[in-house]
Structure formats: structure tokens, C-alpha cells
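The values are calculated or read from the model by the stated rules, or taken from the named source; none is laboratory data. In this text the structure is predicted, and so the values were computed from the model without any measurement. So basically every Cβ, Gly included, is an ideal-geometry build from the backbone, and we count neighbours across all protein chains shown. These area figures cover heavy atoms from the full protein model, side chains too; ligands, DNA and RNA do not enter into them. Shrake-Rupley method; radii C 1.70, N 1.55, O 1.52, S 1.80 Å.
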Amino acid sequence: MINVIRSSMPSFEEYCEEIRELWDSRWLTNSGAKHQELEAALKEYLGVPALSLFANGHMALEYALAAMELPAGGEVITTPFTFASTTHAITRCGLVPVFCDINDRNFTIDADKIEALITEKTCAIMPVHVYGSLCDTEAIAAIAARYGLKVIYDAAHAFGVFSGGVSSACFGDAAMFSFHATKAFHSVEGGAVCCSDPELAERMNRLKNFGIVSPEQVSHAGGNGKMSEFHAAMGLCNLRHFEDEVKKRRQHTQRYINRLSGAEGLRLMPSQPGVTSNHTYFPVVFDGYKLTRDEAAERLAARGINARKYFYPLTSDFDCYRSLPTAQSGSTPIARHISDRILCLPMYADLRPEDVELICDIIME
Ligand SMILES: *Cc1c(COP(=O)(O)O)cnc(C)c1O
């Protein structure tokens, strides 16, 4: 059985060594030594002035939105070609998702279609660096500046992606990363928000700890979004091996490209000039190929290979969003076209070269 992903882990001994001191300190959560160490290491690696760790990526998105204190009922322009979390975070913060179409090149938000969706209620844009491809950050920043909008990137897929040496964490007012076990870099569960405004980070830090300012002062109705010491320790171990993780994934990407590129009706993700990829997914679009996406998925499944229709369905097709004005059929035609045809092939560090060959044989056969 080959799954679409397999979590990378440090050796058992390395993790045990990392958590050993917790038995002495008995400081298990609430910004202990491991948490502080991971925060500092990530700030340095990502080149950001401020970073707040969270229990998971979804909480990170919700707390980032909450800390921005956007007006209730405000509209947030986003895309439906994403994981449920992006759209849910907007909704759960009392805001309204407005679905913008994606571009046909790399499936990120089509910046040319954003302005037409702006109303007097629009307060923010939440684009997604989907599959680790960077959005058109310059065009988005220009629109945001013109209309006074906040930009929060869902960078869940883009940890370790650098454009001209600048990390994906540096774009927008805030960028969220997920450190879920299925992501290229993980802390089992975990997430972070990066930002350049230290006051925003301060508000997030307070909100994720019940709004507590000091033992006798509570300023906001916050919740609990904290990352524990055990999760931070896993993050520290995995961060040591992240470069190697990406290197292995790059080899699999190259092997897939060698076998699949040029096949008529199969579209692979183009690489972005000047961008160092993290090779986090290997999506293939079956667009006029001899097999449909669903047929290819079935043939792979019959051989014990679990590829994923990621992202299908669009979040705008979920029962909870179907009635929104921008969720109507025809609103985001490119997102729909891609969502109906895309398949993510297995991609993880310990994937074997012969597994990649087998997967390609089944698709090409
Ligand atoms: C994984 C993911 C999230 C949520 O992260 P969790 O850590 O699982 O809560 C949000 N957005 C996207 C695009 C994701 O892939």
C-alpha cells in the first residue's frame, strides 16, 4: 500500500533526547524552553521579525484573523480551490468568504479578478500558496494598498519556499503555516503565523492564551491555541532534517517529470522562475488525456496506491457555502475545471524510486 503521503519522523532516540529535559523541568506547555527554541529557530530560518506558534494551522488562521480585529460581517476575498480550513476560518471569525477564481497556470488566486469582487464591506484578502506555488504577491499587495485591505496568506503548503532568497513567510500582513503530520515540515499538530508587526504578534499571543495579560488582568475573550512542549520538540527535530526532506522530494519530483512530461493531455505544475520549491505535492491535471482523473485514481487504487483528489470538491460546493452569491455555478470556472481533473500523486521523502516508476507505469500504460 502506497499512500499519498507518509509522515517523516526523526529517529526515536533523537526525539527522546529532545524531550528528556521536560522530565526535570515539568514545564510541559505555555511557552516553555522548547517552544521558545522552536520560535527562535523558525524566525531565523524564515527571516521574519515576529512569529507566533499555535496548536495547529487552522487555529493559527483563526487567531490571525481575530487579532486583526476586522469588522463583523466583513468580506474576505479568497479562492474555493483549497482545504476546508481556509474558508472555515473566515466564516468562524464572523466574516464572509467571497470566492475569486484561480489562474490556469499554477492554480493560485487570479489577481486580475480580485478588484471586481471588492465592495464597501471587503476588509481582507486570503490567498493560498496552493501546492507551494507562490501567489502573485506583488499584484495582490498593490490591490491591498489601493483599497486599504489586509492580506493574510494561507501558506500551509509553502513552508521552505523562497523567492529570490525571500521566504514565503514575508508576504502580506500575515502568513500562516501548518505543521500538521501530513505537511513536509511538521510538529505532529502545529502551526504558526508570521508577520512584520510585533503588535499583531503580541495580540495573537494574548488571544491564544485566553486573553490573559497578567495574573489579574484579562483584556480579550481569547481561547486556547497554544502549542505544547512535546509538539515543539518534534518540530525542532524535524527542522534539523528539513533540508534533507526537500532534497529527497526533489528527486521524486524529477523522476515524475522525466516520466510524465510531454504526455498529451497530462499537465504538470510549472516551476516558478527564481523560486526554490519545497516539492510538497505532485499534482497532475488530466485534461484531455486518454484516462480521466477518476479512471486514473481507480487504476492506481486497484494496485494499492492511494492518490488523492486534492482539492475536490471546491469549498464553495460544501453544503455550508453553497448558498453564498459567489458560490453559484459558473462563478469560478477555472477552479471548477481544475478541481474536476486534478490528482495528487504520492509524494514523501521515503517514497522509493521503484514506487514512482510503478505509479508512472500505471498512468502511462
Ligand atoms: C493543512 C492545511 C490547513 C490547516 O492546517 P492544520 O494544521 O491541519 O489545521 C489550512 N490550509 C491548507 C491549505 C492546508 O493544506
Check: Taking region 32-53 on its own, how many of its residues are polar (S, T, N, Q) and open to solvent by less than 50 Å² (accessible area, probe 1.4 Å)?
Finding: 1
Notebook entry, point to check: Considering region 276-295 alone, what residues qualify as being of a type in the set (Asp, Glu) and not in a helix (DSSP H, G or I)?
Noted result: 287
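Any residue at all in region 296-309 that's open to solvent by less than 10 Å² (accessible area, probe 1.4 Å) and in a strand (DSSP E or B)?
The answer is yes, given that some residue of region 296-309 is open to solvent by less than 10 Å² (accessible area, probe 1.4 Å) and in a strand (DSSP E or B).
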Next item on the list: May I ask you to say which residue of 184, 232, 263 is open to solvent by less than 70 Å² (accessible area, probe 1.4 Å), within 16 Å of the ligand (Cβ to nearest atom) and either under 22 Å from residue 166 (Cα atoms) or out of contact with any Lys or Arg (no Cβ under 7 Å at 6 or more places or on another chain) (or both)?
Entry: 184
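Any idea which of 269, 234 is modelled with pLDDT of 95 or more and touching a Phe, Trp or Tyr at 6+ places or on another chain (Cβ under 7 Å)?
It is 234.
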Item checked: Selection status of residue 155, in contact with a Phe, Trp or Tyr (Cβ under 6 Å, 6 or more places away or on another chain), free of Cβ contacts under 8 Å to residues at least 40 places away in the same chain and open to solvent by less than 40 Å² (accessible area, probe 1.4 Å) -> yes
Next item on the list: Output the number of the condition that residue 262 fails; it satisfies all remaining conditions of (1) closer than 28 Å to residue 79 by Cα; (2) without any contact (Cβ under 8 Å) to a residue 24 or more places away in the chain.
Entry: (1)
Next item on the list: Please name all residue pairs, on different chains or six or more residues apart, with Cβ atoms under 7 Å, provided the first residue is in region 187-200 and is under 15 Å from residue 40 (Cβ atoms) and assigned to a helix (DSSP H, G or I) and the second residue is more than 10 Å from the ligand (Cβ to nearest atom) and not basic (Lys, Arg).
Entry: 198/49; 198/50
Check: Does region 315-326 contain at least one residue that is touching a Lys or Arg at 6+ places or on another chain (Cβ under 9 Å), part of a loop (DSSP other than H, G, I, E, B) and surrounded by 22 or more Cβ atoms within 10 Å (Cβ to Cβ)?
Finding: no
Checklist line | Hits in region 81-118 (condition: surrounded by 18 or more Cβ atoms within 10 Å (Cβ to Cβ) and among the hydroxyl-bearing types (Ser, Thr, Tyr)) | finding: 82, 85, 86, 87, 108
Next item on the list: May I ask you to list pairs of residues, at least six apart or on different chains, whose Cβ atoms are under 7 Å apart, with the first in region 61-90 being free of Cβ contacts under 8 Å to residues at least 40 places away in the same chain and the second being away from the ligand (no atom under 13 Å from the Cβ) and open to solvent by 10 Å² or more (accessible area, probe 1.4 Å)?
Entry: 72/94
Check: Are any of the residues in region 163-172 in a loop (DSSP other than H, G, I, E, B), among the β-branched types (Val, Ile, Thr) and under 18 Å from the mean Cα position of the chain (by Cα)?
Finding: no
Note to self: If a residue must be outside any helix (DSSP H, G or I) and open to solvent by less than 10 Å² (accessible area, probe 1.4 Å), how many such residues does region 350-365 contain?
What the structure shows: 1
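Which ranges mark the helices (runs of 4 or more DSSP H) fully within region 15-125 that have 3 or more residues being of a type in the set (Asp, Glu) and either modelled with pLDDT under 95 or more than 16 Å from the ligand (Cβ to nearest atom) (or both)? Reasoning before the result, please.
On the way: elements: 22-25, 33-46, 57-67, 84-92.
The qualifying helices (runs of 4 or more DSSP H) are 33-46.
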